Amino acid sequence: MVNAGVMNTSKAPRRRQRTVAAERAQILATFECSGLSAAAFTRQHGLNYTTFSGWRRRQAKSPASPAFVQVEVAAPNALTELVVELGVPARMHIKGAHQIELAARLLRELNPAAAC
C-alpha cells in the first residue's frame with residue numbers, strides 16, 4: 001500500500017558521466033606532470049579514485065602510440081656524380097660540388113668559342 005501523503009526522499013542514483021578518451025588522456029598527462037599521488041590528484045580534481053586507477057591501468061597496458069620527434073636531416077649532396085662526355089676518348093667524372101668550377105674552367109679551355 002502506497003501512502004499518498006509521504007514523499008520519497010531517497011535520492012535517485014546519479015548518472016555516470018562518461019569521459020571521452022581524449023579527455024582521459026589529457027587528465028592522465030596532467031597527473032604525470034603534477035608530481036602528486038593519485039589519491040591527492042583525484043581529490044584535487046574531483047575524480048573518483050577507483051575510476052582514475054582504472055584509466056591508469058588501461059593506459060599502462062596499451063601499447064605506446066607513436067609520437068612525432070623532431071629530427072634534423074643533413075642536406076643531401078645535390079650532386080652525387082656527373083659524367084661529361086666530350087666525344088669517344090674524353091670523359092670527365094664530377095663527383096662533388098667542389099669540382100664543378102674546375103670542370104667549367106676545363107670546358108672553357110677546351111672550347112673557347114662556346115660559352116659555358
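I need the Debye-formula profile for segment 21-61: one equal scatterer per C-alpha, no solvent, reported as log10 I(q)/I(0) at q = 0.25, 0.26, 0.33 1/Å, two decimals. Results for segment 21-61 at q = 0.25, 0.26, 0.33 Å⁻¹ read -0.85, -0.92, -1.38.
Give me the number: length gained by fully extending ARG58 to GLU85, i.e. 0.36 nm times residue separation minus the C-alpha to C-alpha distance, one decimal in nm. Spell out each step's value before the answer.
On the way: separation 27, 0.36 × 27 = 9.72 nm, distance 6.61 nm.
Once the chain is fully extended between ARG58 and GLU85, it gains 3.1 nm.
Here's the picture: charge each Lys and Arg Cβ at +1 and each Asp and Glu Cβ at -1 in segment 21-61, and of PHE31, LEU47, GLN59 the one pushed furthest to the positive end of that dipole is GLN59.
All of the numbers you see were taken from the coordinates with simple rules; none came from a lab. Quantities reported herein were computed from a predicted structural model and do not represent experimental measurements. Because the Cβ atoms are built from the backbone with ideal geometry, glycine has one as well, and the counts that use them run over all protein chains shown.
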